Amino acid sequence: MSEVPGGEVRGLAIFDLDDTLLDGDATGLWTEWLIQLGWITDPERYRAIWTQQMADYAAGRLDMEAHLSHLLSPLAGRTVSEVEAEVGTFLDTELLPRLYREGRERIAWHRDQGHQVVIISASTAQLVAPLAERLALDAALATRLEVKDGCYTGRARGIRTFRDGKLAALTHWLSEHLGPDGHSLPTWGYSDSRNDLALLEFVDHPHAVCADPTLEDIATQRHWPRLRWQGYD
């Protein structure tokens, strides 16, 4: 937990992952990884569905249940340990090198201020949670995967951390981990997407990062800081 000397938590910083901290989409990069592994047996069809779903996401009309069913299907029947091993290599090879330097610097600034730092992502937990651990963040809020007898079922469970679901997951986490005082902490939020508008409206200090056109217009009208991250370490 990020605390200043004496144990006082002074704020909360909330970061989206895809196209915000990360140059690209974690799930899209994971899809290509699974194709190379041979876990996706019809890459052309899988990519076509994925491309249409990403267009729906950009337009703000994604059917999240259909999306989850599609993207989790290659994991159905695979053991948790088998997937974890591939995720570890994937993170080190594909994701960590694509994190924006400016995003890492912003995380470090929040830590120096005594703020807790949380990732909330529409990408699923088997990717987001270990990434947050590598970055030594305080929490990762992401859609969890159903497991039965040590294997993934190909289904999701719990809160879907997408659009208003991100705010639901955050408020639940605040109550569970920080108690009543958590809701009175000053908050910062960072996202690229119109789909995170509810989350950005919730925080005290919203930031549009590499924003899509709709969020860019909203941020301009509301005089929110607009950031353009582009460097790598």
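For the reader, a short list of remarks on this structure follows.
- Residue in region 120-139 that is within 27 Å of E32 (Cα to Cα), among the charged types (D, E, K, R) and modelled with pLDDT of 95 or more present: yes
- Within region 49-71, considering residues that are touching a residue at least 12 places away in the same chain (Cβ under 8 Å) and outside any helix (DSSP H, G or I), the one farthest from D212 (Cα to Cα): L62
- Test: residue in region 73-83 that is of a type in the set (V, I, T), free of Cβ contacts under 8 Å to residues at least 24 places away in the same chain and either within 18 Å of L29 (Cα to Cα) or in contact with a Leu (Cβ under 7 Å, 6 or more places away or on another chain) (or both): no
- Sole exception among (1) in a helix (DSSP H, G or I); (2) of a type outside the set (A, V, I, L, M); (3) closer than 20 Å to Y57 by Cα for F162, by number: (1)
- Flag if D19 is among the charged types (D, E, K, R), modelled with pLDDT under 95 and closer than 25 Å to S193 by Cβ: no
- All conditions in (1) more than 19 Å from A122 (Cβ to Cβ); (2) open to solvent by 50 Å² or more (accessible area, probe 1.4 Å); (3) in contact (Cβ under 8 Å) with a residue 60 or more places away in the chain hold for I107, with the sole exception of (2).
- Restricting attention to region 184-233, the residues that are in a helix (DSSP H, G or I), in contact with a Leu (Cβ under 9 Å, 6 or more places away or on another chain) and small (G, A, S) total 2.
Quick grid of which residues meet (1) more than 30 Å from P213 (Cβ to Cβ); (2) touching a strand residue (DSSP E or B) at 6+ places or on another chain (Cβ under 6 Å); (3) surrounded by fewer than 20 Cβ atoms within 10 Å (Cβ to Cβ):
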{"residue": "P74", "(1), (2), (3)": "yes, no, no"}
{"residue": "E82", "(1), (2), (3)": "yes, no, yes"}
{"residue": "E94", "(1), (2), (3)": "no, no, yes"}
{"residue": "D112", "(1), (2), (3)": "yes, no, yes"}
{"residue": "A129", "(1), (2), (3)": "yes, yes, yes"}
{"residue": "R144", "(1), (2), (3)": "yes, yes, yes"}
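- The single residue among E102, E86 that is free of Cβ contacts under 8 Å to residues at least 60 places away in the same chain and either touching a strand residue (DSSP E or B) at 6+ places or on another chain (Cβ under 8 Å) or surrounded by 15 or more Cβ atoms within 10 Å (Cβ to Cβ) (or both) turns out to be E86.
- Residue in region 17-31 that is of a type outside the set (A, V, I, L, M), more than 15 Å from the chain's Cα centre (by Cα), on the phi < 0 side of the Ramachandran plot and open to solvent by 40 Å² or more (accessible area, probe 1.4 Å) present: no
- Region 178-213, residues that are open to solvent by 50 Å² or more (accessible area, probe 1.4 Å) and within 20 Å of D23 (Cα to Cα): R194, P213
- Of all residue pairs spaced 6 or more apart or on separate chains, those with beta-carbon atoms under 8 Å, a first member in region 37-48 that is under 20 Å from E84 (Cα atoms) and a second member that is in a helix (DSSP H, G or I) and open to solvent by less than 40 Å² (accessible area, probe 1.4 Å) are W39/P74; W39/L75; I40/T31; I40/L34; I40/Y46; I40/P74.
The values are calculated or read from the model by the stated rules, or taken from the named source; none is laboratory data. Note that the structure is predicted; figures quoted are calculated from it, not measured. Using ideal geometry, Cβ is built from the backbone for each residue, glycine included, and neighbour counts are taken over all protein chains shown. Please note that ligands, DNA and RNA were not included when accessible areas were found on the heavy atoms of the full protein model with its side chains. Shrake-Rupley method; radii C 1.70, N 1.55, O 1.52, S 1.80 Å.
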